[in-house]
Amino acid sequence: MLKSISPDAFERLTKRLLREAGFEQVEVTGKSGDEGIDGKGIAKINGIMSFHVYFQCKRYKGSVGSKEIRDFRGAMVGRADKGIFLTTGNFTRDAVKESIRDGAPPIDLIDGDHLANMLKDLRVGIEVKEKIVEDVIVNDDFFLKI
């Protein structure tokens, strides 16, 4: 489903997801000439510390590579403390290495599987109906020996 929504809708979904996850002042900034920044928000930790976070959203069927991570970092350097890169696809091994490169602002990566789990856990666009299944196994030996 996520791969079929428009890029704008994916950005709005990310905004909602981050708000549900506890971010404050989340806004979508993505537009022509956004220099690779789709949105921003503030992550607060226990009401004491806060981090200005920029995010980038990519609806990909394949893999996001290290070039996309470098480009995003270049757009956010000096403007945010941290970055989040979300995709419906996955990340290459080089992209993962680039996201945690020493001396560079950290970028958290959220791939399609992680994104789907977050949507489920936070109940954003997902309804979860839990069922309890009970297997009852009769121990014949017990009854024969009684």
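Nothing in this text is a laboratory measurement; each read-out follows from the coordinates by a stated rule. What you are looking at is a predicted structure, and each value in this text was computed from that prediction instead of being measured. Positions of Cβ are backbone-derived with ideal geometry, glycine not excepted, and every protein chain shown enters the neighbour counts.
Data for the structure
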| item | result |
| --- | --- |
| Contact order relative to length of the chain, as percent, for alpha carbon pairs under 8 angstrom and 6 or more apart | 18 percent |
| Gyration tensor (Cα) of the range 93-146, equivalent ellipsoid semi-axes in angstrom | 49, 19, 8 |
| Cα gyration tensor shape of the range 1-64, rounded if a/c is under 1.5, else prolate or oblate by comparing a/b with b/c | prolate |
| Local electrostatic count at Glu130 - Lys and Arg +1, Asp and Glu -1, tallied over other residues with Cβ under 15 Å | +1 |
| Derived scalar couplings ³J(HN,Hα) [the range 67-83; Karplus, 6.51 cos²θ - 1.76 cosθ + 1.60; whole Hz; x for Gly, Pro] | 4, 5, 5, 4, 4, 5, 4, x, 6, 9, 4, x, 10, 8, 7, 7, x |
| Gain in span if fully extended, Val128 to Asp81, counting 0.36 nm per residue against the direct Cα distance | 13.5 nm |
| Semi-axis lengths (Å, descending) of the ellipsoid that matches the C-alpha gyration tensor of the chain | 40, 18, 17 |
| Debye, to nearest 20: dipole size of the chain, +1 on Lys, Arg Cβ, -1 on Asp, Glu Cβ | 500 debye |
| Reachable lysines, given that their alpha-carbon falls under 20 Å from the alpha-carbon of Lys131 and they are not under 8 places away in the same chain | Lys120 |
| Partners for Lys82 among lysines (Cα-Cα distance below 17 Å; same-chain residues under 8 apart left out) | Lys15, Lys40, Lys44, Lys97 |
